[in-house]
Structures are given as C-alpha cells and as structure tokens.
Amino acid sequence: QSFKLLGFLDVKNVPCARESVLYGSVGCLVVGLGHFLATSRVRRSCDFAVGGFICTMLGYWFYCRYNLAQQRIRQRMLREGMRNKLLYEGTALDPERKQTGTERSNS
C-alpha cells in the first residue's frame, strides 16, 4: 500500500519524497528537542520542531531533486553518445577514425 502525505503526496511513487519525509522527521526531533533543552518552553519548542521539519524536508527535497535532474541529464547524454557511436562507427563521420593523407585530399 502507498502512504499519502497530506492526501496528495504519494510517498511511495514520488522520487525523493520518502527520504525527504524521513530527514524532515529527524530534523523535527533535533530542532524541537534542542530548543526544549535550551529553553524548557514546550509550546515554543513544538513551533520550532514544526519549522525544523518543514525546513529540513524542503531543503533535502530540493537537494535530492537537483541531483536527480543532473543524473537524468548525464544518462541522456550517455545514451545519445552511445547511439551516435553505433551510428557513425566506421564511417567518414567517425571522430575516432584517423584520416590519412589520401582521405583528406579526397574530401
């Protein structure tokens, strides 16, 4: 079964959602507990905990999505390079093929 956060964010199928929620929970505990130990104010510590959750979750979400986009770009470039290697291998357009003096004068 999938878990939906706030009724619309499907944590199982959306990339980076699970990790963001988990890191947000850890951030919530650290910030809330740290503030409580420093000030002994419960209500204010809960407010800080919610803020810590939101900041940590969004921070990791953007970091993860940025890395995912970079990875997809690298995969696309690699796929195109492999396709071009197969298409141009052995032809005059092959960049790895060394041209001799007679081939240069003919082209």
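Screening VAL11 against (1) loosely packed, with under 14 Cβ neighbours inside 10 Å; (2) β-branched (Val, Ile, Thr); (3) at pLDDT below 85 leaves a single unmet condition, (1).
Please determine, by comparing only the residues of region 66-107 that are in a helix (DSSP H, G or I) and either small (Gly, Ala, Ser) or touching a helix residue (DSSP H, G or I) at 6+ places or on another chain (Cβ under 9 Å) (or both), which one is modelled with the highest pLDDT. The residue in question is ALA69. Beta carbons closer than 6 Å, at least 6 apart along the sequence or on distinct chains, pair a first residue in region 78-97 that is open to solvent by less than 100 Å² (accessible area, probe 1.4 Å) with a second that is not in a loop (DSSP other than H, G, I, E, B) for ASP94/TYR88. List every residue pair whose Cβ atoms lie under 8 Å apart, where the two residues are 6 or more positions apart in sequence or sit on different chains, the first residue falls within region 27-41 and is on the phi < 0 side of the Ramachandran plot and at pLDDT 95 or above, and the second residue, located anywhere, is in a loop (DSSP other than H, G, I, E, B) and surrounded by 11 or more Cβ atoms within 10 Å (Cβ to Cβ). Within 8 Å, the pairs are HIS35/ARG41.
The values are calculated or read from the model by the stated rules, or taken from the named source; none is laboratory data. Since the model is a prediction, treat every value here as computed from it, not as a measurement. Positions of Cβ are backbone-derived with ideal geometry, glycine not excepted, and every protein chain shown enters the neighbour counts. Accessible surface is based on the protein model in full, side chains and every heavy atom, while ligands, DNA and RNA are left aside. Shrake-Rupley method; radii C 1.70, N 1.55, O 1.52, S 1.80 Å.
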